[in-house]
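Below you'll find the structure, written out as structure tokens, and then a few comments.
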Amino acid sequence: MDSPLAVFSSAGAGALLVAGTLYCLFAFLLGPVEKNSNPAVNLSGGSIAAGNVRDKYEFRRPKETVRVTDKVPDFVDTFYNLVTDIYEWGWGQSFHFSPPVPGKSDGEASKLHELMIVDLIGARPGDRILDVGCGIGGPMRTIAAHSGANVVGITINDYQVNRARTHNKKAGLDKQCDVVQGNFLAMPFPSNSFDGAYSIEATCHAPKLEEVYAEIFRVLKPGALYTSYDWITTEKYRPEEDAEIIQGIERGNALPGLRSYSDITAAAREVGFEVVRVRDLAREPTTARWLEVGRMTYWRNHVVITVLAALGIAPKGTVDVHDMLRKTADWLARGGEKDIFSPMHMILCRKPA
């Protein structure tokens, strides 16, 4: 009779073989996931100790936690400790949606989406530009390299600061790009000190949009431009019919509550901005494919993370966190299919001269 250890080893080897076969099939059909600088074996809980990831995963329950204004910064910080490595592994260094461009890869389309900001705010060599909610700095490096401007990013998450600085140095842009840890509701910058600013899918984390807009307004020089790509509900959203979808998006992305498209313009004007242009980049005829967030890709990634967690390489709880993201991807797709949600509502504002 085989020993229990031998049976366990045989079963484990069989499970790994099946998982490996499935992953190879997914990779053949969908392309390899490790297209960036953070391989799956490096998945972590950010600044959270590996043994505490499962405990911190409970941050998403109950949903009411994020409705309390003074708890939002800690809530968002915990969220990005949990998801940063997964995002970087699965998405690359830019954590945002982008409109697909015919004839361009997803990575190329993402860079074009970022480079449009250079034109919108008129970034030039030597300008000092602010990235509000910079993540690990993918857009920052693209914008700095293309425009010649000096970009300063702010993120609430200390782990993202370290990742961003590492990438800045590897890209040879550490003299041109800087990252600071801080709350964008109370930024550690002097008033009238930036020549332009932008945010990409970041200010949706603010409990009150007027507060972050007021801070951006304060640090911009008179006449400077600010543009934002943000998450919103469209005019087709009906709370009595669609609340479950929107709440699913909010829960899975650490959002205090999605705002309507009209709230964005109203908040900008309330703090003193002149609204130059408003446009939903997700609703152009050529961009309907943004909602193809890749359900199969999430399943492919889930296989890898499950295997790594079983082997003790990924922290306990990583599977739970990724499963949350996989379910959230479904809510995002459903919101896009019903045209009640957009992740690319663009507004361009000017601080009066």
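The values are calculated or read from the model by the stated rules, or taken from the named source; none is laboratory data. Remember, it's a predicted structure, so these values are computed and weren't measured experimentally. So basically every Cβ, Gly included, is an ideal-geometry build from the backbone, and we count neighbours across all protein chains shown. Note: areas computed on protein heavy atoms with side chains; ligands, DNA, RNA excluded. Shrake-Rupley method; radii C 1.70, N 1.55, O 1.52, S 1.80 Å.
The residues listed here are 228, 193, 199; of these, the one that is in contact with a Gly (Cβ under 6 Å, 6 or more places away or on another chain), in contact (Cβ under 8 Å) with a residue 12 or more places away in the chain and not acidic (Asp, Glu) is 199. Among the residues of region 94-107, is any among the acidic types (Asp, Glu) and either modelled with pLDDT of 95 or more or open to solvent by 40 Å² or more (accessible area, probe 1.4 Å) (or both)? The answer is yes; a qualifying residue exists. Residues in region 149-177 that are touching a residue at least 40 places away in the same chain (Cβ under 8 Å) and touching a strand residue (DSSP E or B) at 6+ places or on another chain (Cβ under 6 Å): 149, 152, 158, 177. Remark: pairs (first residue in region 260-271, farther than 19 Å from residue 344 by Cβ; second residue open to solvent by 30 Å² or more (accessible area, probe 1.4 Å); Cβ separation under 7 Å; 6+ apart in sequence or on different chains) = 269/275; 270/210; 271/210; 271/214; 271/217.
Considering region 218-237, the residues that are among the hydroxyl-bearing types (Ser, Thr, Tyr) and crowded, with 20+ Cβ neighbours inside 10 Å include one that is farthest from residue 279 (Cα to Cα), namely 237. Residue count for region 298-335 satisfying the condition of being outside any loop (DSSP other than H, G, I, E, B) and open to solvent by 20 Å² or more (accessible area, probe 1.4 Å): 17.
Residues considered: 215, 250, 240. Of these, the only one that is surrounded by fewer than 17 Cβ atoms within 10 Å (Cβ to Cβ), out of contact with any Cys (no Cβ under 6 Å at 6 or more places or on another chain) and charged (D, E, K, R) is 240. In the set 171, 164, 123, 144, only one residue is of a type in the set (A, V, I, L, M) and in contact with a Lys or Arg (Cβ under 7 Å, 6 or more places away or on another chain); that residue is 171. Residues in region 263-280 that are open to solvent by 10 Å² or more (accessible area, probe 1.4 Å) and closer than 22 Å to residue 99 by Cβ were compared, and the one that is nearest to the chain's Cα centre (by Cα) is 280. Taking the criterion of being among the β-branched types (Val, Ile, Thr) and either in contact with a His (Cβ under 6 Å, 6 or more places away or on another chain) or at pLDDT below 95 (or both), the residues of region 183-233 that qualify are 200, 232.
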